[in-house]
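Read the structure below first, then the notes.
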Amino acid sequence: LTAAVATLAVAVLLVPADTTAAPGSSATITDAVADGSGEQTVIVRFDGPQQLPAGAADAKPADSMKMKAASSQNRLKRFAAGNPHVEIKDSLWIANAMLVRVDTAQLSLQRLAGIENVRRIHRNHKVEPVATKLRSGIHTTGIQQVSTANSDYTWGLKEIQATKTWQQFDNRGGNVSVAVLDTGVDPDHPDIDVARWRDFDDNPEPDPQDYGYHGTHVSGTVVGGDESGTHICVAPNATLYVGAVLTQGSENFGTFSQIANGMQWAVANDADILSMSLGGSETDSDFIKPIQNAREAGTIPVVAIGNSGVGTHD
C-alpha cells in the first residue's frame, strides 16, 4: 500500500468551479446537488460559531470541536424541528457537518443555504477501497502478498526494511493504537486480533466481519502476526481498532458520512494513528477539515496516495 501522513494545504476559493453561490448568502451549493430534484440526502457544512461556547476554549480538542459544532448547527436543528420537509439524519462534529434529508420539491436548497452558519452543501459522495495489485513473482496466500522464495517476511516488509527498523529502535509498535477504516476485518484470520470494532453500516453488525476483503488485507499489513511462519505486518505489537465504513454494494463503497463517523469514532477512542486506504472520483477537499481536526485532537491520519498513478490523490 502506498500511504503518506496527510499534510494538506487549503486553497481558498470564493466559489469553486463545481459550486453555485446561494442568492443572498455566502454559502455555496455544489452543482451535483443543485441539479438534483425531489428528495435528496446531502451534507451541510458549517462555519463558526462566531463566539466560542462557554468552556470550549479550555476543553480538550475533541470536546471543544463537539461544542463548537453543536453551537454552529443549532439554527438548522431548530429549523428542521419545525419543518416536515427537512430531517437531520446525523451530526458530524469532526467535520462540523450534518447529514440532512430534504424534499427539494417542497423546500429549496437555497433556503437551507441561507440559514445562519451554513457554509456549503454537497453530496454525500462515494468513497471506495484503493485497489490492491500484485507484483510479478508474488502469489496471494489468504489476503497477504508473500514472496515465492522461501522467506520469513513478506516482500513488502523487505522493501521498506521494516525488520531493520524493528532492530534499530527495538520497537514493533508497542503502546500504539491504529484505527483502520475500511471494509471491516475477518475475525477468524489467525494473524489478526481486533481490540475494538465498530460497524458504520445502516444495519450494523455487533461482531467483526469483512464486507469485502480489503479491510482484512490492510489490517494484516498494519498489525498481522506470523502464524503462517511468515511475518506479514509492519507493527505486530500495535493495538488494532477496526471501523467498517465501506459496506455498501458489490464494490464495497462507503459515503462521506460513513468515513466522517469512522474518523470521529477513532478520535473519540484516542487512536494514535488513523489508517484510511481509500479513494474516490470526487475532490478530496471535503476531507480537509476532518483531517485537520483529527490531527489537532492528537490522532495522526495516514491516507492512501498515488495508487491510481502519478498526480492522483488515492
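Structure notes:
- Cα centroid separation - the range 48-65 against the range 213-290, whole Å: 28
- Candidate cross-link partners of LYS68 among the lysines, defined by an alpha-carbon separation under 17 Å and a same-chain spacing of 8 or more, comprise LYS60, LYS77, LYS289.
- Here HIS217 sits with roughly 10 square angstrom of accessible surface, probe radius 1.4 Å.
- The calculated Kirkwood hydrodynamic radius for the range 197-304 is 14.7 Å, given to one decimal from all distinct C-alpha pairs.
- Between amide H atoms placed 1.01 Å from N, distances below 5 Å from SER177 occur with THR239, ASP272, ILE273, all of them 5 or more places distant or on a separate chain.
- q = 0.14, 0.16, 0.19 Å⁻¹, the range 150-251: log10 I(q)/I(0) [Debye, one scatterer per Cα]: -0.53, -0.67, -0.88
The values are calculated or read from the model by the stated rules, or taken from the named source; none is laboratory data. What you see is a predicted model; the values in this text were computed from it and never measured. Ligands, DNA and RNA are stripped out before the accessible areas are found, and what is left, the full protein with its side chains, is counted by its heavy atoms. Shrake-Rupley method; radii C 1.70, N 1.55, O 1.52, S 1.80 Å.
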